[in-house]
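Here is the structure we will look at, set down as structure tokens.
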Amino acid sequence: MISISLEGRRALVSGAGYIPGRAGHGRASALRLAEAGATVACVDCDKGRAHAIVREVRACGGKAFPVVADMTVNAQVERAVSEAVTELGGIDVCVDIIGKAWWDKVENVSDADWDSAIQTNLTQVFYLYRAVGRQMIEQGTGGSLVAITSVDGTVAAVYHAAYGAAKAGVISLTKTFSDGLGRHGIRVNSVAPGNVGNGNEDQQDGDWATNGINPLAAPRGRDIGNAVLFLSSDLAARITGQTLIVDGGVTARGLWGTTPDRLDHHRKHH
């Protein structure tokens, strides 16, 4: 039987706390990594959220501890990584899930919203990857970096241009860091969720193509956590520089909106 084991691995999840009303990618990732055997440094800017996810991991039999830091500030990123290394003895797996979208028409996007979106969704990934990359190089034992990007970084990001641009930047960083760190045995990948919304956790297997958007079904928070776990594991040992899209097939759809009635029209006239 094939199993995904991270037994003995030392993991850091940036943005591990759960925010009500959100999909909970950090929570799902922390729980999945801990379930696979990793000890998880749960980093969050909110002390209550950081401690809450640690309690949840421990209640499930996992090993975790909290680190409180604002990961959009480089000095705090360096401190958070240092605290994690002190507690863990090193870092083998690093997951960055922090992100936020600002919504508006392209002609109305303010300078402040643009700057905030780039800092929150892209620059902080660079800060973390740089700090953990240096640590992994020093360790000399390889490792895995995974960031949450978005399908909005691969297609038009309607009404949230800055978010889409930042997430496209994460995809580029993934490729560039994978090239720069590969010689040290460090893999770098990203996961691009589709319309997870607030989690879609009430959607059951067997309910397919119910929303007119996803040919299969909208992804759930746990589906993103599973993708993170896979890319962090030895099953992905030769996968690097890649973006794994988890979107229920929405970005694979045809462009022209052909429907069964249009199919009959095409048959008659072509």
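Can you tell me how many residues within region 13-50 are among the β-branched types (V, I, T) and under 17 Å from R220 (Cα atoms)?
1
Does region 79-101 hold any residues that are without any contact (Cβ under 8 Å) to a residue 24 or more places away in the chain and within 30 Å of A168 (Cβ to Cβ), and which are they? Don't jump to the end; show me each part of the working.
Just the residues of region 79-101 that are without any contact (Cβ under 8 Å) to a residue 24 or more places away in the chain, to begin with: 79, 82, 86.
Across region 79-101, the qualifying residue is only R79.
Among the listed residues L229, L244, L181, which satisfies the condition of being at pLDDT 90 or above, of a type in the set (A, V, I, L, M) and farther than 24 Å from S3 by Cα?
L181
Go through region 176-186 and report how many residues are surrounded by fewer than 23 Cβ atoms within 10 Å (Cβ to Cβ) and either among the small types (G, A, S) or not in a helix (DSSP H, G or I) (or both).
Adding up the residues that qualify gives 4.
Output the qualifying pairs, or none if there are none: Cβ atoms under 7 angstrom, residues six or more apart or on different chains, first residue in region 118-135 and surrounded by 18 or more Cβ atoms within 10 Å (Cβ to Cβ), second residue acidic (D, E).
Close Cβ pairs (under 7 Å, with a partner that is acidic (D, E)) amount to V125/D96; L128/D96; A131/E78.
Pick from A41, A64, A50: which is within 22 Å of V191 (Cα to Cα), crowded, with 21+ Cβ neighbours inside 10 Å and aliphatic (A, V, I, L, M)?
Details: A64 fails: within 22 Å of V191 (Cα to Cα); A50 fails: within 22 Å of V191 (Cα to Cα).
Exactly one of A41, A64, A50 is within 22 Å of V191 (Cα to Cα), crowded, with 21+ Cβ neighbours inside 10 Å and aliphatic (A, V, I, L, M), namely A41.
Every residue in region 41-85 that is among the small types (G, A, S) and assigned to a helix (DSSP H, G or I), please. Break it down into steps so the answer makes sense when it comes.
At the first step, the residues of region 41-85 found to be among the small types (G, A, S) are 41, 48, 50, 52, 59, 61-62, 64, 69, 75, 80, 82, 84.
Residues satisfying the conditions are G48, A50, A52, A59, A75, A80, S82, A84.
From V106, V155, grab the single residue that is farther than 25 Å from G24 by Cβ, at pLDDT below 95 and of a type outside the set (S, T, Y). Spell out how you get there, then give the answer.
Numbers: V155 fails: farther than 25 Å from G24 by Cβ.
Going through V106, V155 in turn, the sole match is V106.
Pick out the one residue from G99, G90 that is over 23 Å from V191 (Cα atoms) and either within 19 Å of the chain's Cα centre (by Cα) or not in a helix (DSSP H, G or I) (or both).
Numbers: G99 fails: over 23 Å from V191 (Cα atoms).
Step by step, each of G99, G90 is checked, and only G90 is over 23 Å from V191 (Cα atoms) and either within 19 Å of the chain's Cα centre (by Cα) or not in a helix (DSSP H, G or I) (or both).
When you check E83 against the structure, is it modelled with pLDDT of 95 or more and surrounded by fewer than 18 Cβ atoms within 10 Å (Cβ to Cβ), yes or no?
Against the criterion (modelled with pLDDT of 95 or more and surrounded by fewer than 18 Cβ atoms within 10 Å (Cβ to Cβ)), E83 does not qualify.
Go through (1) in contact with an Asp or Glu (Cβ under 9 Å, 6 or more places away or on another chain); (2) β-branched (V, I, T); (3) free of Cβ contacts under 8 Å to residues at least 60 places away in the same chain one by one and return the number of the condition V146 breaks.
So V146 meets the others, but not (3).
Being over 18 Å from V95 (Cβ atoms), among the aliphatic types (A, V, I, L, M) and in contact with a helix residue (DSSP H, G or I) (Cβ under 7 Å, 6 or more places away or on another chain) narrows it down to one of V170, V155, so name that one. Reasoning before the result, please.
Details: V170 fails: over 18 Å from V95 (Cβ atoms).
Step by step, each of V170, V155 is checked, and only V155 is over 18 Å from V95 (Cβ atoms), among the aliphatic types (A, V, I, L, M) and in contact with a helix residue (DSSP H, G or I) (Cβ under 7 Å, 6 or more places away or on another chain).
Which ones in region 142-175 are among the hydrophobic types (A, V, I, L, M, F, W, C), surrounded by 24 or more Cβ atoms within 10 Å (Cβ to Cβ) and out of contact with any strand residue (DSSP E or B) (no Cβ under 6 Å at 6 or more places or on another chain)?
Matches in region 142-175: A162, A166.
Restricting the search to region 157-170, which residues are touching a Gly at 6+ places or on another chain (Cβ under 7 Å) and not basic (K, R)?
A157, G164, A168, V170
Looking at this structure, is L6 under 19 Å from the mean Cα position of the chain (by Cα) and either surrounded by 19 or more Cβ atoms within 10 Å (Cβ to Cβ) or of a type outside the set (D, E) (or both)?
Values: under 19 Å from the mean Cα position of the chain (by Cα): yes; either surrounded by 19 or more Cβ atoms within 10 Å (Cβ to Cβ) or of a type outside the set (D, E) (or both): yes.
In short, yes.
The values are calculated or read from the model by the stated rules, or taken from the named source; none is laboratory data. None of these values were measured; they are calculated from a predicted model. With ideal geometry, Cβ positions are generated from the backbone for all residues, glycine too; neighbour counts draw on all protein chains shown.
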